[in-house]
């Protein structure tokens, strides 16, 4: 379970990361603290959040996830045990990637997190209205100020990421060391066709989100009836993924899981962890048992035949 590098940043993390989108949403304060404690106990050391989390929940405005992480850091004293990654650009209160907004949003995030430095500060989405040189220059100043250790990009297209890397090279600016794309055994093409060759050529770290396709790749949604037992999100997951290809993928996952006495979710994550160029899939959990189950994927070694079967089932 060796740690992996985040690009050339010098940061090293476990091959599984925890998504803090649940904090202040589907995990209350006590549950959030327990999950963070368990992450440290399990050796899951990257905690990924964003300033906008979890503005979508009733009664929330945004900033809740960072605030809970900050409270936990203060209470636990475990700042040195975790790598904190957060993001800027998608929150309506601090939108976009202008230099002024990046600086202000970083100050806000540092205050909520109760820390002096953000280990990985990510552009949550591209902002084509701002020249890349200006955006990267703002990130550079944060690094010079000691407020950020490394920067990353989320939801960038391959052409824009390539352009950003070239701007960094040409102007001597810090480069994006990581990419955070949507990537899982079902959602493959968007990453693999253009982004994967680019990030591997440049040695970027990859910390993908929706690693279990919103729960579909855990095997919990296999019929319309399963969706009916869940929330409105369950119905959306079934509509999006429960088709002939999705069923074929679940069948392959079932077969591999049976051979390894593992769960379907563990196999889906182990496939990601084994993928060349992937640093750490991001997972979320709302309970300790679920977190422990997902963490076990790090030690599940798939054979070449396992990977070929999963690749074949998910082709197309």
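The values are calculated or read from the model by the stated rules, or taken from the named source; none is laboratory data. Every value quoted in this text rests on a predicted model; they were computed, and no experiment measured them. Positions of Cβ are generated from backbone atoms using ideal geometry, with glycine treated the same way; all protein chains shown enter the neighbour counts.
Taking the range 84-95 as the range and being buried (at least 19 other Cβ atoms within 10 Å of the Cβ) and in contact with a strand residue (DSSP E or B) (Cβ under 8 Å, 6 or more places away or on another chain) as the test, the residues that pass are 84, 85, 86, 87, 88, 89, 94.
Per the listing 81, 164, 105, the residue uniquely surrounded by fewer than 18 Cβ atoms within 10 Å (Cβ to Cβ) and within 25 Å of residue 209 (Cα to Cα) is 81. The combined condition, being assigned to a helix (DSSP H, G or I), out of contact with any helix residue (DSSP H, G or I) (no Cβ under 6 Å at 6 or more places or on another chain), at pLDDT 95 or above and surrounded by fewer than 16 Cβ atoms within 10 Å (Cβ to Cβ), is not fulfilled by residue 239. Only one entry in 285, 265 is outside any helix (DSSP H, G or I), farther than 30 Å from residue 8 by Cβ and within 24 Å of the chain's Cα centre (by Cα), namely 285. All of 126, 134 fail the test of being surrounded by fewer than 24 Cβ atoms within 10 Å (Cβ to Cβ) and either under 20 Å from the mean Cα position of the chain (by Cα) or not in a helix (DSSP H, G or I) (or both), apart from 126.
Confirm whether residue 272 is crowded, with 21+ Cβ neighbours inside 10 Å and under 28 Å from residue 49 (Cα atoms). So residue 272 fits the description; yes.
Out of curiosity, is residue 221 closer than 28 Å to residue 38 by Cβ, part of a loop (DSSP other than H, G, I, E, B) and at pLDDT below 95? In short, yes. When 46, 68, 36 are screened for being out of contact with any strand residue (DSSP E or B) (no Cβ under 6 Å at 6 or more places or on another chain), buried (at least 24 other Cβ atoms within 10 Å of the Cβ), closer than 25 Å to residue 107 by Cβ and at pLDDT 95 or above, only 36 passes. Within the range 1-33, the set of residues being part of a helix (DSSP H, G or I) and surrounded by 18 or more Cβ atoms within 10 Å (Cβ to Cβ) comprises 20, 21, 22, 32, 33. Check the range 211-230 and report whether any residue there is more than 16 Å from residue 242 (Cα to Cα) and buried (at least 19 other Cβ atoms within 10 Å of the Cβ). Within the range 211-230 (the criterion being more than 16 Å from residue 242 (Cα to Cα) and buried (at least 19 other Cβ atoms within 10 Å of the Cβ)), the answer is yes, since at least one residue qualifies. Residues considered: 170, 141, 188. Of these, the only one that is in contact with a helix residue (DSSP H, G or I) (Cβ under 9 Å, 6 or more places away or on another chain) and either closer than 23 Å to residue 211 by Cα or crowded, with 23+ Cβ neighbours inside 10 Å (or both) is 188.
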